[in-house]
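Have a look at the structure below before the remarks.
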Amino acid sequence: MKPFIRLATAAALMLGFAGSSIAQIAPGRTWPELKEAVTERVKAQRYPLTGFNASEVAEILSRINSLDRDEWARSWMQNGARHAAAGDAADKAGDRAKAREAYLAAWRYHGFGAWPTQNSPDKTIAHARATEAFRAYARIAEPPIEVLRIPFEGKEIVAYLQKPVGATRPPVVLSVGGLDSYKEYVVEQYGPGYLKAGLAYIALDMPGTGESPLKIDVGAERIYSRVIDAIETRSDMDPARLGFQGVSWGGHWAARMAIAEHKRLKAVVNWAGPVHGYFQRDWQLKALGTREYLFDLFPARASVYGTETLEAFLAYGPRMSLKDSGALAKPSAPQLLVNGERDTQVPIDDLYVVLQSGSTAKEAWVNPTGGHIGRNREWSDGQIFDQVIVPWLARKLR
């Protein structure tokens, strides 16, 4: 038994590509295998197909006959365009509830055409259309969603702010998505839970994804420090009650911010974030072949570094280790660490190394039969968020 752990009481893809540089990675799914996996996940409403309609997904998949990335993107965009047009028509007719639903659907279908990374021309188009659809949704959202544009080193940080109805100065959580779950996903999947608990939230991309102004590197967490600076200039949020939550790769930035901003943050949730073992060559060569991930895991992971070859990717990672840099020995904000013991994407030992480091007491929730982020058939992503993460943040920030 690892020390200081509160275990969960419940038992609780790569698209094909060729080249000698990736010969060590286990082969990805064939098209029939990928089609079957997507179908299974949408029927079960499992990530990344939460909120999608199974019959509509079947229609989209029927038009695809290969692992070609542009063929994939074009088929998903057909349905995205259909929903976007429905949203425009409903908005023009004054039916904002129907328009919101349609714009969100347009974002989902365009967005999955671009998933998990924009590594072809049509995937890039799909991502732009997904963002456009989501902005249309944000324009008429209830409660209102404010699109923040914060100046940053000659560029800008783009984020979404949503506050609970009637709250005059609520606590606020900076909520960061992961490798393939951008800030728009944060709004749709996590926003309602924050609001219900009386928490305002700011949805943010992690470095290397979406509209982030930086790729991943040591020190990129300064993006989020700049956001905190901006919060402190406003009167409609309480800067004395700030939280931070990062999921999957976003959890790495939670771990960094718990240290970098230990005085300004009152509660930090590292939800399955990489810390040390993830960055090691042996782990990556094993993890890049996981079937937990649908497809294109290596291109997605390499893109956030700005690397292209396997060797460059493997050489880049170790600089991000918080253990080797000595950062874990420094003072930390209060932390909750969450993951599954059987995670094949981020080693569970990365949770334990944080738990057992430094002088600040931490809490943990570990699902002994859970995979990445702790999910399994008994514990969905939403259940973990609603029953574990949000109550902890609300308690710490109140």
Out of all the residues in segment 320-330, is one or more in contact with a Gly (Cβ under 9 Å, 6 or more places away or on another chain) and closer than 30 Å to GLN383 by Cβ?
yes
If we only count strands (runs of 3 or more DSSP E) wholly inside segment 117-226, which ones have 2 or more residues that are surrounded by fewer than 20 Cβ atoms within 10 Å (Cβ to Cβ)?
145-152, 155-162
Counting only residues in segment 269-294 that are within 16 Å of the chain's Cα centre (by Cα) and closer than 29 Å to PRO32 by Cα, the one surrounded by the fewest Cβ atoms within 10 Å (Cβ to Cβ) is identified as GLU292
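Suppose we keep only residues that are among the aliphatic types (A, V, I, L, M) and under 13 Å from the mean Cα position of the chain (by Cα) within segment 241-268. Which one would you say is farthest from GLY326 (Cα to Cα)?
First, the residues of segment 241-268 that are among the aliphatic types (A, V, I, L, M): 242, 247, 254-255, 257-260, 265, 267-268.
Narrowing the set further to residues that are under 13 Å from the mean Cα position of the chain (by Cα) leaves 247, 254.
Details: VAL247: 23, ALA254: 16 Å.
Of everything passing the filter in segment 241-268, VAL247 is farthest from GLY326 (Cα to Cα).
Each value in this text was obtained by applying a stated rule to the coordinates, not by laboratory testing. These numbers come from a predicted model, not from an experiment. Positions of Cβ are backbone-derived with ideal geometry, glycine not excepted, and every protein chain shown enters the neighbour counts.
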